Amino acid sequence: MTTPAEIIAALDVSLAEHGEAITLRRRVGTTSTFVELACRAKVDGYASEVLVAGIKQTASTFIISPTEINAAATAATWPGAAGGDRWPRNGDFIRQSIGSDRKIEDARAKLSGNTVVRAEAKVLG
């Protein structure tokens, strides 16, 4: 049986080899100030949907390891002044190295037993 630690270790290796650098961002209250966490993520698929007047809406899923999130939470740099849970949540933002902020519309922490083994976020934009 695979342990949560083994699942996380395999994800960390995969993200190091195949992931991309992103920045997870959370707004501090209603200000224009953000708390940021640089980490690696696997971006899965782009589904496009044509909205009114031919405007395209794209959706992507990001998979993030708990390793970087837990380390930043332990160091009190994430979520820091923004408060709240350490895991990505609806309303947070993800910034890819080649793009602007994309708002998280659906965030979930995936468990193995009682241990978070990855965080997934669906973003639009």
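The values are calculated or read from the model by the stated rules, or taken from the named source; none is laboratory data. The model shown is predicted, which means the values in this text are computed figures rather than measured ones. Reconstructed Cβ throughout: ideal geometry from the backbone, glycine too, with neighbour counts over all protein chains shown. These accessible areas exclude ligands, DNA and RNA; they are computed on the full protein's heavy atoms, side chains included. Shrake-Rupley method; radii C 1.70, N 1.55, O 1.52, S 1.80 Å.
In this simple spin-label approximation, Thr67 and Asp101 carry label points 7 Å from Cα along the Cα→Cβ vector, and these lie 2.8 nm apart. For the chain, the longest principal axis of the alpha carbon atoms and the long axis of helix 4-18 meet at an angle near 50°. With 0.36 nm allotted per residue and the present C-alpha distance subtracted, the Glu36-Arg108 stretch has 24.1 nm of extension available.
D by Stokes-Einstein for segment 67-125, Kirkwood Rh over Cα pairs, 4 °C, 1.567 mPa s: 105 µm²/s. Averaging the Cα positions of each part gives two centres, and for segment 1-40 and segment 56-125 these lie 7 Å apart. Per residue, the chain exposes 56 Å² of solvent-accessible protein surface, assessed with a 1.4 angstrom probe and all protein chains in place. What does the helix-only formula give at 222 nm for the chain: each DSSP H stretch with n ≥ 4 adding -39500 (n - 2.57), the total divided by the residues, and the result rounded to the nearest 500 deg cm²/dmol? When only DSSP H runs of four or more count, the value is -6000 deg cm²/dmol. In this structure, the amide hydrogen of Val28, modeled 1.01 Å from its nitrogen in the peptide plane, lies closer than 5 angstrom to those of Thr33, Phe34, Val35, counting only residues at least 5 positions away or on a different chain.
Assuming a strict under-15 Å limit between Cα atoms, what lysine pair count do you get for the chain once near-sequence pairs (fewer than 8 apart, same chain) are dropped?
Details: Lys42/Lys110; Lys42/Lys122; Lys103/Lys122; Lys110/Lys122.
Total qualifying Lys-Lys pairs in the chain comes to 4.
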